[in-house]
Structure formats: C-alpha cells, structure tokens
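Here the structure is laid out as structure tokens; the discussion comes afterwards.
The values are calculated or read from the model by the stated rules, or taken from the named source; none is laboratory data. Fair warning: this is a prediction, and the values are worked out from it, not measured in the lab. FYI the Cβ positions are ideal-geometry reconstructions off the backbone, even for glycines, and counts take in every protein chain you see. Protein only, heavy atoms only, side chains kept; ligands, DNA and RNA dropped before computing areas. Shrake-Rupley method; radii C 1.70, N 1.55, O 1.52, S 1.80 Å.
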Amino acid sequence: MQYTVTENRALTAQVFRLTLMGDTRTFTHPGQFAQVQVPGFYLRRPLSVYDWQPAEAGSMTLVYKVLGEGTRALAGIPKGAVLDVLPGLGNGFQPELAQAAKAKAPLLIGGGIGTPPLYGLCKALLRDGQTPAVVLGFGTAEEVILQDDFAALGVPVYVTTLDGSAGRKGFVTDAAETLAGSFDYVYTCGPEPMLKAVYGLCQRHDVDGQFSFEERMACGFGACMGCSCHTKYGSKRICKDGPVLLKEEIIW
Amino acid sequence: MVDTRVTLSGIELSNPVIPASGTFGFGQEFRDYYDINILGTFSFKGTTGEERFGNDTPRIAECTAGMLNAVGLQNPGVEHVITHELPQLATFFHKPVMANVNGFSIEEYVRVAAMLDAQPAVGWLEVNISCPNVHGGGMAFGTSAENAAAVTRAVKAATHKPVYVKLSPNVTDIVSIAKACEDAGADGLSLINTLLGMRISLRTQKPILANTMGGFSGPAIFPIALRMVYQVARAVKVPVIGMGGVTTAEDVLEMMLAGATAVQVGAANLVNPLACKEIIEALPQAMEKYGIQTLTDIFGGAWK
C-alpha cells in the first residue's frame, strides 16, 4: 500500500521520525509495527510505530534508527515522497488481557529505539484510566528521545543513561528497582539483554508483564518462518504471533 | 480474451502462477491480502515426517536484489498438516494444492508421500530433494543422480498422484540429475531451489546467518534459473515448473519461452504479499503486448 511522507526529520544524530499519510485501518494495538519498502533495497524494514490515527486517509508516525544502508537511505527520503508500506503487523501490546486489565499502575520500560511503541501504549493506558509511569534508558544524553513526548502526557518519566550524562546513571532496571512496589504490571521494549534484565526485575517483585522482541525478518506477516523463536507455548513467529510475548511464555 | 490456462499432469490450472513452497505457508497469511483462489495452485510449506523447529536465528539476510534464508524446514510435521492445516485450507482454498514432501531418509520421504497421497485436496506431490539448509537430508539427495533417482522411484511407488521432483541448482550438471529423475518415473520437475550463499557482517566479522550459509533467492537469480529451466526442459519429456527470481508477468513469459509449463513465484511473496495477484492480473496485458493469444503456444518458444 502507498503512503505519502509528510515528515521525516531527525530526533537525534541517528534517530528519525517518519510520518506517513494513508490507510491505517489495519492497526489495532500499540506495539504493532510497519514494514517499509526502501527504494533500492530488496527486503522491507520493520519499523516501530510511535502513534497513529486510524482512518482510510489516516496517518502513522514511525520512529527508526539508522543502523545500516537501508535505514540510511530511508533517512534521505524527502517530504512528499511515496513509500510502499505494510502497516498494522504483529500482535502489539494487549492491555485488554486479564492480568494487564487488572493493573492500575503499569510501568513502561523502554530502551533506546525500543521506546517509541510505548508512546502509543501509554496513551491507550491513560484512556483506559490506568496511571502508567515510564522509564527510558539510553547510552548518552545525545541519544535521549521522546522524554518530552511522554512528559506531555502527564505521566512520570524517569530517564537513565549509561554514562550518566542525562538522568540517572545506569540501566533502566536500576531506576525501575527504586520504583518497586509502585507498579503492578510491566510493558517493555528494547534490546534483548535489557528485556532479560527487566524479566529478572519482574521475577524479583512478582509482577507480570508483556515483552516486545526484535528479530531479523523477511516478510513480517508470518509467511517465511524467518523469525521463529521457542516459547513455553511452542514455536512462535516474532512478526506474526509477536513481537509482544507474555512474560509467562518466554524462554531465554 | 487471451487464454492463460495450462495443464500440469492432467490437472488444469486457470493460470500458470504458483506460489513456491516455503514462501506461502499453508495459505493462511495471504488471505488477509487477497482471495488466493485466483492462483493456479500453490505449493505448501515443506513437510517432514516429524515436527521441526528449524535452524537458530538469524535465518534471514538481505542481498542485492535478493535474500538468503536458512529457515531449515520448520514445519509442524505431516500428521499436523493433515489433521489441522489441510482442513483449515479447505475452508478458503478450493483448488487442488501441491504438497511439498521432505525427508531425511528415503523411508521418511515415502511415509510423508503416502500420507499426503491419501488427501483428496492434494493434486500433486512436489518432492524436495534440494533444501540447502538441513544436514543429512534435503540437498544430499538432490546432488547425486543415483540418490535423486532412488528417492523418485520410492516415492512414485507410494503414490498415485503426479510426482514433481524439485531440483537443486547447486550441482555441476542439473540436466543429468533431471534425466535420472525422469528415468526413475518422475511425472515432472520443479526447478530451481535456492542457490547456496552467505553474507558476513562487517560489524561482527562473522556470518550473518546462524547456519553460516543459506539459500539465495530473489530477482538476482532469475537469469541462472531461466538458463537451467531452458537446459532441462529441452532435455526431458516431462513438464517442468520453472522458478527462481520470478517477480513479474514478463518473467513468467520468459520462463515459459524457456520451456516451463507452469511457473512458481517465491521470494517475491515475502516482499510483497500481493505479488502473485499482481502477476496474475498483469499477465493478460503482457500477453497481448507480445501478441500471445494462448499461453501454451509459447512453450519452449526460445528453443528454435
């Protein structure tokens, strides 16, 4: 499907915000992703969705990091250009699941380029009457993204950086540990070592949660079996059955 | 109105376009994008005797005009295919399907073939002796004429359905293997499977794929596939299903001019879920453009 670029601007040296106009009705959940065809590259790039307005003439905002030649080329796409995109892929975060729906004060933990999907989620949780808090972790102050966006939603935002150049020095789990007792559910997206540390945090404090994973993929819609992983409920495709797995099903 | 019909071993297809095994699952994922009954048929996910998870990830790497995969025949096993996938498929696909048969021994090929032979929804068996991503099976059977003939003979004895043997391009002389399969009773041949390739990450300085090597597919391999289809189709009497990098209706016509009776589309489905629909819709126009009234008329047209 065709989408028109209305915004493609840098948030940091490497992270860009891309807004596309077009049919966004296939989105149902925050944490779903979009597969973007970058002209000149064979496979699509799976990018995380920051927010969207569902409509036939709707819009979606993706936030992506330049990691290789494909995303570098994407960063050079001007406003007005048309891109071929498959939107609304994957399961996304599911706040409606029994355990999650019971939560009153969920903690959203994002690491680096894993933070964008938590924004749409945070809005959804606020709509549901929950009172989320957010912990965002980055390498350095120069890499911090979306802190103001979350703050504008009126939720507490705790930033950590590895070098201490912004917020608290250390990992997201260091900050989350100090909040233990104040949250009753966890949603998280970020690099796998971080997810594993967050899993440990959940174990220590007996809190349930949903974890969004990343994997190299080809199709993004469940056909190629390129991104399979083992779970306690059998093999799952990160692109179709994920990217969000429930804490109870994860095998590290 | 142009005529896009072709016939594979007595079964008529409304058009020659067939999604290739391993790029179309059991059809389910494509239903959200279009009515898959417009397809000639499709070849379902390569099925083994037992459930397989396949290789570790990463299983995918990008290349110029193509991709590598090292999935490693992940599938739910033949029993689950028969009890779950085929009944499910029957609710939304109403044409004979091509069953992709795999094994790690001749006995396994025979067992899977015999079980799928009993399924009314199965029109043809496509025997994959060319998977490059598994050890001890797959391509091990497809790289020797004797082994390829032995699998063909054994599967033929276990089924009444037409048997298409899917050949590996990773051989010195594909024609000799094709002929060995024909002599052993194959009703047709499918070619080519993926080409063995690899990529190395400059960042880690290690292979990108956990399996080190994987199968190369996509438009980059089209000229190689076309050449092999041309060579094999001229040398055998049985029908050949041509595949390898097919992306457009024009590619379909080229394959048929090279001697393909029908054409499979693989990697293109993974990049664009509508690829086969778009090819089928573009085919009549492409035929008209080149003055082709009846598709079967161009079969092997490039030989003369």
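Observations on the model:
- Remark: relative contact order (chain B) = 20 percent; criterion is Cα-Cα distance under 8 angstrom and separation of 6 or more residues.
- Cα gyration tensor shape for chain A, rounded if a/c is under 1.5, else prolate or oblate: prolate
- When each of the peptides A:72-78, A:207-213 is scored by the mean number of other C-beta atoms lying within 10 Å of its residues, the order from highest to lowest reads A:207-213, A:72-78.
- Accessible area expressed per residue, the range B:1-133, with surrounding protein chains retained (probe 1.4 Å, Å²): 33 Å²
- Mean per-residue shielding of peptide A:205-215 is 0, counting Cβ atoms of other chains within 10 Å of each Cβ.
- Largest first, the residues B:Lys277, A:Lys232 sort by 1.4 Å accessible area into A:Lys232, B:Lys277.
- Cα long-axis angle, helix A:192-205 against chain A (0 to 90 degrees, to the nearest 10): 30 degrees
- GNM result for chain B, Cα springs below 10 Å: residue of B:Ile200, B:Ile292, B:Ile177 fluctuating most strongly: B:Ile200
- A cut-off of 5 Å between modelled amide H atoms, ignoring neighbours fewer than 5 places along the same chain, links A:Ser59 with A:Gly22, A:Gln53.
- Here chain A is assigned +1 on the Cβ of each Lys and Arg and -1 on the Cβ of each Asp and Glu. Its dipole about the Cα centre then comes out at about 260 debye.
- The range A:13-65: C-alpha pair distances exceeding 12 Å, %: 64 percent
- Share of carbon and sulfur in the accessible heavy-atom surface of chain B [1.4 Å probe, %]: 53 percent
- Angle in degrees between helix A:116-127 and the longest Cα principal axis of chain A, rounded to the nearest 10: 60 degrees
- The protein assembly as shown shape via C-alpha gyration tensor axes, a/c threshold 1.5: prolate
- Over the range A:2-89, Cα pairs under 8 Å with separation of 6+ residues give a relative contact order of 40 percent.
- Using a 1.4 angstrom probe on protein heavy atoms only, the contact between A and B buries about 2200 square angstrom of accessible area, both sides summed.
- Ordering A:Gly164, A:Ala152, A:Gly137 by the projection of their Cα atoms onto the charge dipole of the range A:98-212, which places +1 on the Cβ of Lys and Arg and -1 on the Cβ of Asp and Glu, puts A:Ala152 at the extreme positive end.
- Our summary gives chain A a relative contact order of 17 percent, counting only alpha carbon pairs under 8 angstrom and 6 or more residues apart.
- Cα gyration tensor category, rounded, prolate or oblate, for the range B:6-298 with a/c compared to 1.5: rounded
- Greater than 20 Å apart at Cα, pairs in A:Lys232/B:Lys45; B:Lys166/B:Lys304; A:Lys65/A:Lys196; B:Lys179/B:Lys237: A:Lys232/B:Lys45; B:Lys166/B:Lys304; A:Lys65/A:Lys196
- The contact residues of the range B:50-92, meaning those that lose at least 20 Å² of 1.4 Å-probe accessible area when all protein chains sit together rather than their chain alone, are B:Phe53, B:Thr57, B:Pro58, B:Arg59, B:Ile60, B:Glu62, B:Met67, B:Val71, B:Gln74.
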